[in-house]
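For reference, the structure discussed in these notes is given below.
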Amino acid sequence: MSRIHTTEEKQLIDSLGRVHNNLRISVTDRCNIRCFYCMPAENIEFQPREELLTYEEIERFVTVAATLGVSKLRLTGGEPLLRKDLSKLIKRLAAIPGIRDLALTTNGLLLAEQAAALKSAGLDRVNISLDTLNEQTFEKISRRPGLERVLEGIFAAQQADFKKIRLNAIAIRNLTEAEVIPLAQFARIHALELRFIEFMPLDAEGHWEPEDILTGATIRSLLENELCPLEPIERDDPSQPATDYRFTDGLGTIGFINPVSEPFCGDCNRLRLTAEGQIRNCLFSDTEWDAKSILRNTRSDHELAQLLRECVAAKLPAHGIGQPDFKKPTLAMYQIGG
Ligand code: SF4
């Protein structure tokens with residue numbers, strides 16, 4: 001008779017008691033733009049197709065992870081909408097017992113064509129990157145044109161009626177200050193949730209410096225000086241990375257993800273699966289656990305579950321940015337998955 005597993009054993013809990021129920025899955029390292037805070041401009045060696053996990057392998061991995069309490073999934077990349085028939089994967093993942101929330105992060109360039117299919121396949125929420133409403137600044141950041149297509153993608157997502165649509169804006173000192181008010185007004189006018197995210201040391205060309213950070217606190221005062229006072233909103237999910245506020249004039253809410261100036265590692269519930277099948281217990285960790293060799297060598301689901309537990313057990317308390325011994329990860333954002 002098989003031994004009854006305790007609730008704890010059925011969960012991915014680390015040495016600090018953090019329960020990991022949120023899995024970010026990168027489905028490709030490829031992208032159709034080249035944001036400087038994420039990937040190099042040229043000469044990128046992308047993973048060969050055969051090295052990427054297949055949809056069957058991702059489905060098997062998630063099925064095992066769900067038995068250990070993973071219930072929230074976010075598909076990322078590179079640009080996930082570049083992966084062929086992504087809605088087929090979404091349909092498979094939405095059907096896995098225990099999965100109750102399915103989200104996607106995209107740069108929006110291919111969203112107008114795919115929004116309806118993604119929604120009907122079972123996608124609940126979509127985060128769309130929008131760092132600026134100015135075409136020149138867009139091309140300065142992403143080193144490709146495309147702002148119009150992103151805006152079309154945002155409106156197509158609203159048409160598709162997802163449970164939640166969020167705009168993610170990377171905030172960079174001496175580059176995006178002038179974008180803060182126009183972006184906030186755009187979100188307020190179109191009833192969209194906007195979040196400003198601090199620039200993190202995950203850029204492929206390694207130019208990131210602490211001075212480049214436009215902190216959440218700075219942006220809050222910009223908004224309060226120009227628009228109206230902000231009042232904090234109680235977190236309904238303690239592990240959510242954002243701190244949300246509502247505009248006291250009643251026109252919408254706004255959020256801040258401040259991994260550098262106000263780290264939130266203490267409540268982290270996130271794990272990552274890279275496009276080539278490596279598990280990471282932190283965005284900034286350089287250690288990976290090789291799930292692909294289990295998925296591809298007829299090894300058991302029990303071994304996969306064990307690997308997940310080992311990965312979580314080894315999780316460090318925090319990212320350590322700003323600490324004397326902090327080392328930038330060797331992989332860049334596009335290779336890890338946002
Ligand atoms: S930096 Fe690492 S530990 Fe901190 S919140 Fe992000 S993934 Fe979690």
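Structure notes:
- When the residues of region 242-267 are filtered to those that are over 17 Å from ILE219 (Cα atoms) and within 13 Å of the ligand (Cβ to nearest atom), the one that is most open to solvent (accessible area, probe 1.4 Å) is ASP267.
Residue-by-condition table, conditions (1) open to solvent by 10 Å² or more (accessible area, probe 1.4 Å); (2) part of a strand (DSSP E or B):
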site	(1), (2)
VAL70	no, no
LEU89	no, no
PRO97	yes, no
ARG144	yes, no
ILE154	no, no
ALA157	no, no
LEU167	no, yes
ILE170	yes, yes
ASN174	yes, no
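- ILE165 among the hydrophobic types (A, V, I, L, M, F, W, C) and over 18 Å from THR76 (Cβ atoms): no
- Every residue from region 272-294 that is more than 16 Å from the ligand (Cβ to nearest atom) and open to solvent by 20 Å² or more (accessible area, probe 1.4 Å): GLU276, ASP290, LYS292, SER293
- Within region 295-338, the residues that satisfy the criterion of being among the basic types (Lys, Arg), away from the ligand (no atom under 16 Å from the Cβ) and touching a residue at least 60 places away in the same chain (Cβ under 8 Å) are ARG296, ARG309.
- Among the residues of region 33-53, the one identified as more than 18 Å from GLY146 (Cβ to Cβ), in contact (Cβ under 8 Å) with a residue 40 or more places away in the chain, open to solvent by 30 Å² or more (accessible area, probe 1.4 Å) and in a loop (DSSP other than H, G, I, E, B) is GLN47.
For every residue, the table says whether it meets (1) modelled with pLDDT under 95; (2) of a type in the set (Ser, Thr, Tyr); (3) closer than 22 Å to GLN278 by Cβ.
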residue: HIS5; (1), (2), (3): yes, no, no
residue: LYS10; (1), (2), (3): yes, no, no
residue: LEU16; (1), (2), (3): no, no, no
residue: ASN21; (1), (2), (3): no, no, yes
residue: ILE33; (1), (2), (3): no, no, no
residue: ASN43; (1), (2), (3): yes, no, no
residue: GLN47; (1), (2), (3): no, no, yes
residue: TYR55; (1), (2), (3): no, yes, yes
residue: VAL62; (1), (2), (3): no, no, yes
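- Qualifying positions in region 310-325 - surrounded by fewer than 16 Cβ atoms within 10 Å (Cβ to Cβ) and either outside any loop (DSSP other than H, G, I, E, B) or acidic (Asp, Glu) (or both): GLU310, ALA313, ASP325
- Close pairs (8 angstrom Cβ cut-off, 6 or more residues apart or separate chains): under 13 Å from ILE172 (Cβ atoms) and polar (S, T, N, Q) in region 212-225, at pLDDT 95 or above and crowded, with 18+ Cβ neighbours inside 10 Å anywhere: THR215/ALA171; THR215/GLU198; THR215/ASN258; THR215/VAL260
The values are calculated or read from the model by the stated rules, or taken from the named source; none is laboratory data. Treat the numbers as computed from the prediction; the structure is a model and nothing was measured. As a convention, Cβ positions derive from the backbone with ideal geometry for all residues, glycine included, and neighbour counts pool all protein chains shown. Only protein heavy atoms, including side chains, enter the accessible area calculation; ligands, DNA and RNA are left aside. Shrake-Rupley method; radii C 1.70, N 1.55, O 1.52, S 1.80 Å.
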